[in-house]
1. Pairs needed: first member in the stretch 243-270, open to solvent by less than 20 Å² (accessible area, probe 1.4 Å); second member anywhere, part of a strand (DSSP E or B) and among the aromatic types (F, W, Y); C-beta distance under 7 Å; at least 6 residues apart or different chains.
2. Has the stretch 185-192 got at least one residue that is within 30 Å of A363 (Cα to Cα) and surrounded by fewer than 20 Cβ atoms within 10 Å (Cβ to Cβ)?
3. Looking only at residues in the stretch 5-37 that are touching a helix residue (DSSP H, G or I) at 6+ places or on another chain (Cβ under 9 Å), within 15 Å of A250 (Cβ to Cβ) and assigned to a loop (DSSP other than H, G, I, E, B), which one is modelled with the highest pLDDT?
4. Taking the options A68, A102, A115, name whichever one is at pLDDT 95 or above, under 20 Å from R291 (Cα atoms) and part of a loop (DSSP other than H, G, I, E, B).
5. Of the residues that sit in the stretch 81-100 and are out of contact with any Asp or Glu (no Cβ under 9 Å at 6 or more places or on another chain) and within 14 Å of T352 (Cβ to Cβ), which one is least open to solvent (accessible area, probe 1.4 Å)?
6. Take G97 and decide whether it is modelled with pLDDT under 95, small (G, A, S) and at positive phi.
7. Can you pull out the helices (runs of 4 or more DSSP H) entirely within the stretch 361-446 that have at least 2 residues that are hydroxyl-bearing (S, T, Y)?
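The values are calculated or read from the model by the stated rules, or taken from the named source; none is laboratory data. Not measured: the values here are computed from a predicted model. Please note: Cβ atoms are built from the backbone with ideal geometry, for glycine as well, and neighbour counts cover all protein chains shown. SASA here: full protein model, heavy atoms, side chains in, ligands and nucleic acids out. Shrake-Rupley method; radii C 1.70, N 1.55, O 1.52, S 1.80 Å.
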Amino acid sequence: MNKSSRGVMTFKGGIHPAGNGKELSAGKPTQTAPLLAKYVVPVAENAGKPPVPVVKKGDLVRKYQLLAEPSGFVSAALHAPTSGEVTGIIEVPGSMGVPVTAVEITADGLDQGEAPFEPLSDWRDTDPARLLERVGEAGLVGMGGASFPTRVKLSPPPDKPIDTLILNGAECEPYLTADHRLMLENPERVLTGAAIIGRILNVRRLFIGVEINKRDAIDALTQLAGGYGVQVVPLAVQYPQGSEKQLIKAITGREVPSGGLPMDARTVVQNVGTAAALADAVTLGIPLVERIVTVTGAVVNPGNWKLKIGTPVIEAVKFAGGVTGEIGKLILGGPMMGFAQRSYEVPVAKNTSGILLLPEDEALNYGSGGCIRCGRCVQGCPMHLMSCALATAIESERYDLAEANHVMDCLECGSCAYVCPARRPLVQHLRRGKAEIRKRRTAVKK
């Protein structure tokens with residue numbers, strides 16, 4: 001393990017965002033949102049192929065009923081967040097700035113539905129293949145933001161043996177506290193999920209990494225962790241501590257090779273929210289239809305809410321008392337890796353960790369001025385990339401140079417842009433370069 005000067009686990013590089021905003025909601029217990037009259041559930045809520053709707057306008061659905069079935073191996077099932085009538089398969093604003101297909105459900109006010117799967121209360125003796133099947137049935141995806149289908153992530157190829165599981169409880173993004181409240185309020189769900197994943201992967205090294213600014217959550221987990229064979233690892237407060245490669249380095253000392261995946265370091269990393277949802281799917285037989293979301297920033301009552309999938313953002317803002325002052329940006333996720341939104345009608349999805357209304361005076365504008373060669377982006381990059389040189393190459397459309405200098409290893413964490421005194425849009429440049437390189441690689445394959 002890699003220790004900092006304070007004796008806690010960490011990695012080299014990264015930054016320390018000032019005034020991280022967590023104090024607005026960290027002490028607020030999770031509240032369950034009241035039932036809405038209508039939900040719009042995006043169909044494409046997973047990385048890979050979107051599922052295919054199996055309902056149509058006019059259908060009556062029960063809570064937990066299947067709305068869309070997987071369309072391939074890298075796809076995830078979608079279920080109804082409440083009972084009611086399907087009043088349309090419509091287009092709604094998407095979190096990535098383009099319209100997306102959604103199932104519109106007008107709630108009947110009863111919120112009724114039975115668990116669709118048989119609870120596997122004897123999971124310690126259940127065949128791992130059956131547990132993995134349940135993960136797929138429940139439509140689980142990575143809830144930290146990537147939304148990669150969990151069933152696929154827990155199915156490493158035979159030539160990639162896994163010996164370590166790490167649950168990501170770092171929650172290093174400023175403002176976000178949803179994972180913090182989950183670990184503090186429901187540690188047994190998180191630990192049960194860790195143990196079940198350990199059984200699926202057949203590993204005995206189980207860790208949960210938690211930043212030390214969540215001491216109460218560390219204590220809550222530690223009290224129970226021994227009974228589940230899990231070790232709680234305190235981590236330094238350092239962004240992006242929760243990134244998979246940095247988490248693996250901090251806890252195990254292993255390096256994920258350039259261009260590689262965590263499985264190349266014999267490790268699987270899962271978000272604590274995913275682990276808790278997995279525990280529910282196995283022990284209770286229910287699919288993923290709701291999650292904890294931090295609603296914070298320039299709102300009257302910042303806090304953490306248990307929201308149903310398909311909740312329009314505008315309704316979540318109302319739960320928090322509405323806006324205060326001038327809003328500079330509406331962001332889904334955190335300010336470092338989240339995405340700014342054009343509309344308050346964007347719905348909550350399985351990977352929505354936060355809804356941030358950034359005040360006008362905190363929403364920085366980036367320009368396209370020249371690099372001043374200060375080197376701060378290089379010092380802050382957790383992947384030790386020459387972000388300034390990569391951005392310059394991409395601006396000049398020298399994608400070959402960017403690829404040769406490992407731009408594909410960029411995490412898009414935003415550390416470089418955060419420390420850049422010239423306010424260059426470095427993340428946007430690097431993201432554009434990666435997209436262009438992927439397009440060219442696809443063209444070559446074809």
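1. Listed by first residue and then by second, the contacts come to I251/F207.
2. To start, the set of residues in the stretch 185-192 that are within 30 Å of A363 (Cα to Cα) comprises none.
Looking for residues that are within 30 Å of A363 (Cα to Cα) and surrounded by fewer than 20 Cβ atoms within 10 Å (Cβ to Cβ), one finds none in the stretch 185-192, hence no.
3. G14
4. Numbers: A68 fails: part of a loop (DSSP other than H, G, I, E, B); A102 fails: part of a loop (DSSP other than H, G, I, E, B).
From the options A68, A102, A115, the qualifying one is A115.
5. Start the filter on the stretch 81-100 by keeping residues that are out of contact with any Asp or Glu (no Cβ under 9 Å at 6 or more places or on another chain), which leaves 91, 94-98.
Checking the rest, the ones that are also within 14 Å of T352 (Cβ to Cβ) come to 94-96.
Details: G94: 8, S95: 52, M96: 125 Å².
Per the stated criteria, the residue is G94.
6. On the way: modelled with pLDDT under 95: yes; small (G, A, S): yes; at positive phi: yes.
In short, yes.
7. By residue number, 387-395, 415-419.
Yes/no per residue for (1) touching a Ser or Thr at 6+ places or on another chain (Cβ under 6 Å); (2) within 26 Å of M263 (Cα to Cα); (3) open to solvent by 10 Å² or more (accessible area, probe 1.4 Å); (4) of a type in the set (D, E, K, R):
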{"position": "I200", "(1), (2), (3), (4)": "no, yes, yes, no"}
{"position": "L206", "(1), (2), (3), (4)": "no, yes, yes, no"}
{"position": "I212", "(1), (2), (3), (4)": "no, no, yes, no"}
{"position": "D219", "(1), (2), (3), (4)": "no, no, yes, yes"}
{"position": "T222", "(1), (2), (3), (4)": "no, no, yes, no"}
{"position": "G226", "(1), (2), (3), (4)": "no, yes, yes, no"}
